[in-house]
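S.K.: Got a structure here, written out as structure tokens. Questions coming.
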Amino acid sequence: MQELISAINRFSGELQAAFNNAVPPALADFIANSSAFLWGAPLLILLVGTHLYLTIRLRFIQKYIPQAIRLSITRDDHALGDISPFGALSVALAATIGTGNIIGVATAIALGGPGAVFWCWIVGVFGIATKYAEGVLAVRYRVTSADGEVRGGPMYAIQNGMNCKWLAIFFALMTMLASFGVGNLAQSNAVAVTIRESFRIPPFVTGILMTALVAAVVLGGLKSIARVCEKIVPLMAACYLLGCFAILCLNAEYILPALRLILESAFTSHAVGGGFVGVSVLTAMRYGVARGLFSNESGLGSAPIVAAAARTRNPVRQALISSTGTFWDTVIICAVTGVVLVSNCLALNLDVQDGATLTHKAFERIPVVGPLVLTFGIVSFAYTTILGWSYYGEKAFEYVFGSRGITFYRLLFVMLILIGSVISLKVVWDFSDAANALMALPNLICLIALTPVIVKETRRYLWSGGLDEFDSRDILPADSLLPSPPKDGE
């Protein structure tokens, strides 16, 4: 058995070396620099600016979150769509709640200080408006195929609302590429590394198991993905939050000092204790805002792809439900994680410069089961992210190439999981980050250009009390939007 494990490890090392040698250093540097440039200050300002602009235009839509939560667990069986509203939300949350909620917050605190938690939370609050706006456009411009399947997302809003087909195709291509990177290779590698460190299981073995588990769900299509996510997402979030609350109970006397430190550090630059060093307000804001934007994906354009498939009677109803995704992901999970980490640093006087160990140190406070809860959180978050992004990439692929190649996409997506489990390529992460940024740009343009449509739909169904009304407008046929099949002889 030991010889077999050694052989697998040698094979993984050789495969890693082969992939590293296949990428010229100049190309890797170019992709890394491009990713850093795309995610620089201009895009971050555009994202935050869009959040604020839509919040104002939509009269602080965040105040409807309690009503939206109630709608998320209300069935709407008589409406058009492929899956339940809760199923659509579960798939979106599956893709959104990832390892960044656990490890990313720790990194933000290490680099931006405790104040980064506050700015991460603020971005989540205002990002609710953007997630709502994306949902409105997704349902407003969704289409139906000849077999009755519903399709939607920013590519359809860009084409039908802005009459800009090339930009819609560009968005879809970037979404497809991002699904392979941030939605697949990065997640499968995170699972393999976590399992190896926790249970000494070779990554190749983990990769085979992950490939089988994902294939069993993804090859069944959206309804299969939604059924699994409806069960796993609430369980994994509950387990993780219970672990966080257990740590807060152990650090009860440090909760209020942690909250005070988070607020003070968000607006002042003085040095602080408990293992923290003083950082500037701009630094805290930079890392907190970036973590919040990466975490909730508001403005990225991914979540509305599945929101369009929900059974809903009008665009606003599902948009409200979609907006709760940002609430749960950033306003709750990331905020709780931040308070847990800061209070634990104060309690143990930890060196926060090593962000990678902050979360592990916190969960080690829970006797026996703490590390297991953390491992389950990382693995389940990554697994469900893979499931959610598989659907995003599939719909993007379908928009560009038609429905006949969907099986090919699914098989390719599943095969990449095994590759991602045994190799770690920085160039892949950099490329997928760049693809994410290039998804956001056309989506933000679409949101700003079609704001009058968003406001009109909100006035019709929400502000005028018509939330239970059915949208009587005909759904556009998909045949005129997707690539036509080649004619004989072509």
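The values are calculated or read from the model by the stated rules, or taken from the named source; none is laboratory data. Quick caveat, the model's predicted, so the values are computed rather than measured. No Cβ is skipped: glycine too gets one built from the backbone with ideal geometry, and neighbour counts run over all protein chains shown.
S.K.: Mind listing just one residue for me: the one in the stretch 130-149 that is in contact with a helix residue (DSSP H, G or I) (Cβ under 6 Å, 6 or more places away or on another chain) and small (Gly, Ala, Ser) and, of those, surrounded by the fewest Cβ atoms within 10 Å (Cβ to Cβ)?
M.R.: Ranking the qualifying residues of the stretch 130-149, first place goes to Ser145.
S.K.: Please specify each residue of the stretch 32-78 satisfying the condition of being within 16 Å of Thr458 (Cβ to Cβ) and among the small types (Gly, Ala, Ser).
M.R.: Ala68
Yes/no per residue for (1) touching a Cys at 6+ places or on another chain (Cβ under 9 Å); (2) touching a residue at least 24 places away in the same chain (Cβ under 8 Å); (3) within 19 Å of Phe204 (Cβ to Cβ):
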site	(1), (2), (3)
Asn9	no, yes, yes
Leu15	no, yes, yes
Val23	no, yes, no
Ala26	no, no, no
Phe30	no, no, no
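S.K.: Can you tell me which residue within the stretch 113-142, out of those that are in contact with an Asp or Glu (Cβ under 9 Å, 6 or more places away or on another chain) and not in a loop (DSSP other than H, G, I, E, B), is farthest from Gln318 (Cα to Cα)? Walk me through it before giving the result.
M.R.: First, the residues of the stretch 113-142 that are in contact with an Asp or Glu (Cβ under 9 Å, 6 or more places away or on another chain): 114-115, 124, 127, 131, 136-137, 139-140.
Next, from what is left, pick out any that are not in a loop (DSSP other than H, G, I, E, B): 115, 124, 127, 131, 136-137, 139-140.
On the way: Gly115: 33, Gly124: 19, Gly127: 16, Lys131: 11, Val136: 7, Leu137: 10, Val139: 8, Arg140: 10 Å.
So the residue we want is Gly115.
S.K.: Considering only residues that are touching a Phe, Trp or Tyr at 6+ places or on another chain (Cβ under 6 Å), surrounded by fewer than 24 Cβ atoms within 10 Å (Cβ to Cβ) and within 17 Å of Leu235 (Cα to Cα), which ones fall in the stretch 374-413?
M.R.: Answer for the stretch 374-413, where residues must be touching a Phe, Trp or Tyr at 6+ places or on another chain (Cβ under 6 Å), surrounded by fewer than 24 Cβ atoms within 10 Å (Cβ to Cβ) and within 17 Å of Leu235 (Cα to Cα): just Leu374.
S.K.: Are any residues in the stretch 118-169 in contact (Cβ under 8 Å) with a residue 24 or more places away in the chain, among the acidic types (Asp, Glu) and closer than 21 Å to Ile406 by Cβ, and if so, which ones?
M.R.: Hit for the stretch 118-169 is Glu149, nothing else.
S.K.: Residues Ser322, Ser343: which one is out of contact with any Gly (no Cβ under 7 Å at 6 or more places or on another chain) and crowded, with 22+ Cβ neighbours inside 10 Å?
M.R.: Of the residues listed, the single one that is out of contact with any Gly (no Cβ under 7 Å at 6 or more places or on another chain) and crowded, with 22+ Cβ neighbours inside 10 Å is Ser343.
S.K.: Another question, if that's okay. In this structure, is Leu177 surrounded by fewer than 24 Cβ atoms within 10 Å (Cβ to Cβ), out of contact with any helix residue (DSSP H, G or I) (no Cβ under 9 Å at 6 or more places or on another chain), touching a residue at least 12 places away in the same chain (Cβ under 8 Å) and more than 21 Å from Arg291 (Cα to Cα)? Step through it out loud before you land on a result.
M.R.: Working: surrounded by fewer than 24 Cβ atoms within 10 Å (Cβ to Cβ): yes; out of contact with any helix residue (DSSP H, G or I) (no Cβ under 9 Å at 6 or more places or on another chain): no; touching a residue at least 12 places away in the same chain (Cβ under 8 Å): yes; more than 21 Å from Arg291 (Cα to Cα): yes.
So Leu177 does not fit the description; no.
S.K.: Go through the stretch 182-222 and give me each residue that's farther than 23 Å from Arg404 by Cα and assigned to a loop (DSSP other than H, G, I, E, B).
M.R.: Once the filter is applied, which keeps residues that are farther than 23 Å from Arg404 by Cα and assigned to a loop (DSSP other than H, G, I, E, B), the stretch 182-222 yields Arg200, Ile201, Pro202.
S.K.: Just checking, which of Ser298, Ser302, Ser322 is more than 29 Å from Leu111 (Cα to Cα) and within 13 Å of the chain's Cα centre (by Cα)? Show your work before the answer.
M.R.: On the way: Ser298 fails: more than 29 Å from Leu111 (Cα to Cα); Ser302 fails: more than 29 Å from Leu111 (Cα to Cα).
Residue meeting the stated conditions: Ser322.
S.K.: Pull up the stretch 301-316, narrow it to residues that are over 12 Å from Leu137 (Cα atoms) and out of contact with any strand residue (DSSP E or B) (no Cβ under 9 Å at 6 or more places or on another chain), then point me to the one that is surrounded by the fewest Cβ atoms within 10 Å (Cβ to Cβ).
M.R.: Among them, the one singled out is Arg313.
S.K.: Among the numbered criteria (1) part of a helix (DSSP H, G or I); (2) over 21 Å from Ala434 (Cβ atoms); (3) more than 17 Å from the chain's Cα centre (by Cα), which one does Ile45 miss?
M.R.: Ile45 satisfies all of (1) part of a helix (DSSP H, G or I); (2) over 21 Å from Ala434 (Cβ atoms); (3) more than 17 Å from the chain's Cα centre (by Cα) except (2).
S.K.: Follow-up question, since we're still on this one. I'd like to check something: does the stretch 385-407 contain any residue that is at pLDDT 90 or above, under 25 Å from Val205 (Cα atoms), among the small types (Gly, Ala, Ser) and within 17 Å of the chain's Cα centre (by Cα)?
M.R.: For the stretch 385-407, residues at pLDDT 90 or above, under 25 Å from Val205 (Cα atoms), among the small types (Gly, Ala, Ser) and within 17 Å of the chain's Cα centre (by Cα): present.
S.K.: Let me ask something else about it. In the stretch 9-39, which residues are over 14 Å from Lys426 (Cβ atoms), at pLDDT 85 or above and either in contact with a Ser or Thr (Cβ under 8 Å, 6 or more places away or on another chain) or among the polar types (S, T, N, Q) (or both)?
M.R.: None - no residue of the stretch 9-39 is over 14 Å from Lys426 (Cβ atoms), at pLDDT 85 or above and either in contact with a Ser or Thr (Cβ under 8 Å, 6 or more places away or on another chain) or among the polar types (S, T, N, Q) (or both), so the list stays empty.
S.K.: Further question on the same structure: Would you check if there is a residue in the stretch 216-228 being basic (Lys, Arg) and touching a Ser or Thr at 6+ places or on another chain (Cβ under 8 Å)? It would help to see each step written out before you state the result.
M.R.: Quick first cut of the stretch 216-228, residues basic (Lys, Arg) only: 223, 227.
Still in the list and also touching a Ser or Thr at 6+ places or on another chain (Cβ under 8 Å): none.
Within the stretch 216-228, none of the residues are basic (Lys, Arg) and touching a Ser or Thr at 6+ places or on another chain (Cβ under 8 Å).
S.K.: Pairs under 9 Å by beta carbon, first residue more than 15 Å from Ile122 (Cβ to Cβ) and assigned to a helix (DSSP H, G or I) in the stretch 275-298, partner modelled with pLDDT under 80 and not aromatic (Phe, Trp, Tyr), six or more apart or different chains?
M.R.: Partner pairs satisfying both residue conditions: Thr283/Ser269.
S.K.: Mind counting the residues in the stretch 40-76 that are at pLDDT below 90 and in contact with a Ser or Thr (Cβ under 8 Å, 6 or more places away or on another chain)?
M.R.: Counting residues in the stretch 40-76 that are at pLDDT below 90 and in contact with a Ser or Thr (Cβ under 8 Å, 6 or more places away or on another chain) gives 2.
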